[in-house]
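Please read the structure below before turning to the comments.
The values are calculated or read from the model by the stated rules, or taken from the named source; none is laboratory data. These figures come from a predicted structure and were not determined experimentally. As a convention, Cβ positions derive from the backbone with ideal geometry for all residues, glycine included, and neighbour counts pool all protein chains shown. Side chains are part of the model used for accessible areas, which takes the heavy atoms of the whole protein and leaves out ligands, DNA and RNA. Shrake-Rupley method; radii C 1.70, N 1.55, O 1.52, S 1.80 Å.
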Amino acid sequence: MTKLRLQENRGMNSLLEGQETERLYYRKVLASDFNDWLPFHQEPLSSQFWDGLPIDPEVACREQFNRAFERYEQGLGGMNALICKNEGVLIGLCGLLVQEVDEVRELEIGYSILPQYWQQGYAFEAAQKCKQYAFSQRWASHLISIIHIDNIPSQRVALKNGMLLEKTTTYKNNPVHIFGINT
């Protein structure tokens, strides 16, 4: 039986649409974002830590977009498009996702940044806003990030966001660390 760690089923539509940080604006992912996001999947380093993704970048991107739209429709949270305020362009995806890990349903902070914007603090800025917003809306009293055990850059983002390593497990046939934080 699945345990539920979300607050009374809150957080199920946990989008940050319209929210902002100093450098970023959040909105829903649009079908028209496909070509702007495709370079993420064309960069081999973007998926080096995750087994089971399609090899063809266009197929991988299409699957990611289809899943994002499914999440929106099913009320399972989802990735937001991160728009750089200065440039007005898509630089990444970040959001709160309802996930089930080891039979526990939780709210995950997920983040991916286009390669040309790596190492500029965008992942942390976006993830921090997700954490703050989820807690302020009382969508959950505990948040997680699911990160491959070899993905050190994403682990650093989680740690900087105040999360601690809670356990190591298998998720979608990948060895992962579960980082978590309580309100």
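Counting only heavy atoms of protein chains, what accessible area per residue, in Å², does the chain have with a probe of 1.4 Å?
On the way: 9460 Å² over 183 residues.
Dividing the accessible area of the chain by its residue count gives 52 Å².
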Which lysines, if any, have their Cα less than 27 Å from the Cα of K85, not counting same-chain residues under 8 positions apart? K28, K129, K131, K160
Virtual spin-label span in nm between D51 and E20, 7 Å along Cα→Cβ: 4.5
Taking Rh as the Kirkwood radius computed over C-alpha pairs, what is the Stokes-Einstein D of the range 143-183 at 4 °C in a medium of viscosity 1.567 mPa s, expressed in µm² per second? 130
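Relative contact order of the range 113-171, please, whole-number percent, based on alpha carbon pairs below 8 angstrom and at least 6 residues apart. Display every interim value, and only then the final one.
On the way: 20 pairs, mean separation 20.9, N = 59.
In percent, rounded to a whole number, it is 35.
Please report the relative contact order for the chain, taking Cα pairs under 8 Å with a sequence separation of at least 6, and give it as a percent rounded to a whole number.
Details: 346 pairs, mean separation 43.4, N = 183.
Relative contact order, the chain: 24 percent.
At 1.4 Å probe size, with the rest of the protein present, what percent of the exposed accessible area of the chain is carbon and sulfur atoms? Provide the component values of the computation, followed by the final result.
Working: 4360 of 9460 Å².
Taking all protein chains in place, the chain shows 46 percent carbon and sulfur surface.
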At 10 °C and 1.306 mPa s, the Stokes-Einstein diffusion coefficient in µm²/s for the range 95-139, with hydrodynamic radius from the Kirkwood sum on alpha carbon pairs, is 136
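How long is the gain from N182 to Q116 if the chain were fully straight, where each residue apart is worth 0.36 nm and the alpha carbon distance is subtracted? Could you put the intermediate results ahead of the total?
Working: separation 66, 0.36 × 66 = 23.76 nm, distance 3.23 nm.
Gain in length upon complete extension: 20.5 nm.
Length gain on complete extension for the stretch E103 to T169, per 0.36 nm per residue less the alpha carbon to alpha carbon distance?
Details: separation 66, 0.36 × 66 = 23.76 nm, distance 1.18 nm.
The span from E103 to T169 would gain 22.6 nm if fully extended.
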Would you mind checking the radius of gyration and Dmax of the range 39-142 based on alpha-carbon positions, in Å? 14.3, 42
